[in-house]
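Quick notes on the structure that follows.
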Amino acid sequence: MGTEMQGEPTSAASDAAIVVMGVCGAGKSLLADRLSQRLGIGMVEADDFHSPENKRKMAAGEALSDADRMPWLDAVTLAAKLMIYCEGGAVIACSSLKRTYRDRLRAALPSCRFIHLTGPRALIAERLAGRQGHFVGEPLLDSQLATLEPLEAGEAGITLEISRPIDRLVDSALEELGRIAPPQATIAS
């Protein structure tokens, strides 16, 4: 395992941002944490950058508007840039539900790649029902599922089904990311 670990940061992280995306309860934070540990790079938990007003709305079961999300996405990208600078890469747990949100992330982090976590609604609802001490719960699941725009052609990323054990998801993510070259940064970035 030692030689495998040495090769992973170069091929999978390579000074890039890896965004673990999906609806609430899909397991973004857990997968992002495990990936960051395996790759030896930092993790950014996007939920930490929501404003108090956004947290209040979500705790009340209110979906956020695009206007609510844009300053939040900007804060997340700033944190990711700092993590990349300090640690050589970042794994970001961020819902990234719409293409426009992912475009905003890509504008600030041109070499980012996405891992879209998807699974049956019942499994995600079960996970949310067992969640303790988090401001996002099951009342937001249906609105997030309705808002979700899966990765499209031309978006660097992969989709993983969440019903497998976390260690298998990590292995699959690393294997698939190794096959996807990070998008090239442009002069404008």
Contacts under 7 angstrom Cβ, first residue in the stretch 67-78 being within 16 Å of V44 (Cα to Cα), partner among the polar types (S, T, N, Q) and crowded, with 16+ Cβ neighbours inside 10 Å, 6 or more apart | W72/N54
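Within the stretch 166-183, is even one residue open to solvent by 80 Å² or more (accessible area, probe 1.4 Å), in a loop (DSSP other than H, G, I, E, B), modelled with pLDDT under 90 and β-branched (V, I, T)? Don't jump to the end; show me each part of the working.
Start the filter on the stretch 166-183 by keeping residues that are open to solvent by 80 Å² or more (accessible area, probe 1.4 Å), which leaves 167-168, 175, 179.
Next, only the ones that are in a loop (DSSP other than H, G, I, E, B) stay: none.
No, the stretch 166-183 contains no residue that is open to solvent by 80 Å² or more (accessible area, probe 1.4 Å), in a loop (DSSP other than H, G, I, E, B), modelled with pLDDT under 90 and β-branched (V, I, T).
Suppose we filter S96, S36 for residues that are closer than 21 Å to E175 by Cα, small (G, A, S) and buried (at least 18 other Cβ atoms within 10 Å of the Cβ); which single one remains? I'd like the intermediate steps shown before the answer.
Working: S96 fails: closer than 21 Å to E175 by Cα.
On inspection, the qualifying residue turns out to be S36.
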Listed by first then second residue, the pairs whose first member lies in the stretch 93-121 and is over 18 Å from L35 (Cα atoms), whose partner is of a type in the set (K, R) and open to solvent by 20 Å² or more (accessible area, probe 1.4 Å), with beta carbons under 8 Å and at least 6 positions apart or on separate chains, are A108/K81; L109/K81
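Examine the stretch 113-130 for a residue that is more than 18 Å from A26 (Cβ to Cβ), open to solvent by 20 Å² or more (accessible area, probe 1.4 Å) and not hydroxyl-bearing (S, T, Y), and state whether such a residue exists. If you could, list the steps in order and put the result at the bottom.
Start the filter on the stretch 113-130 by keeping residues that are more than 18 Å from A26 (Cβ to Cβ), which leaves none.
No; the residues of the stretch 113-130 include none that is more than 18 Å from A26 (Cβ to Cβ), open to solvent by 20 Å² or more (accessible area, probe 1.4 Å) and not hydroxyl-bearing (S, T, Y).
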Positions within the stretch 65-93 being over 24 Å from L177 (Cα atoms) and either open to solvent by 70 Å² or more (accessible area, probe 1.4 Å) or not aliphatic (A, V, I, L, M) (or both), in sequence order = S65, D66, A67, D68, R69, P71, W72, D74
All positions within the stretch 26-63 that are free of Cβ contacts under 8 Å to residues at least 24 places away in the same chain and hydroxyl-bearing (S, T, Y) = S51
Pick from the stretch 49-64, criterion open to solvent by less than 60 Å² (accessible area, probe 1.4 Å) and assigned to a helix (DSSP H, G or I), ranking: modelled with the lowest pLDDT | M58
What residue, of L140, L148, L160, is closer than 24 Å to K57 by Cβ, at pLDDT 90 or above and open to solvent by less than 70 Å² (accessible area, probe 1.4 Å)?
-> L148
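The values are calculated or read from the model by the stated rules, or taken from the named source; none is laboratory data. Keep in mind that what you see is a predicted model, and the values were worked out from it rather than measured. Positions of Cβ are generated from backbone atoms using ideal geometry, with glycine treated the same way; all protein chains shown enter the neighbour counts. Keep in mind that these areas ignore ligands, DNA and RNA; they rest on the heavy atoms of the full protein, side chains included. Shrake-Rupley method; radii C 1.70, N 1.55, O 1.52, S 1.80 Å.
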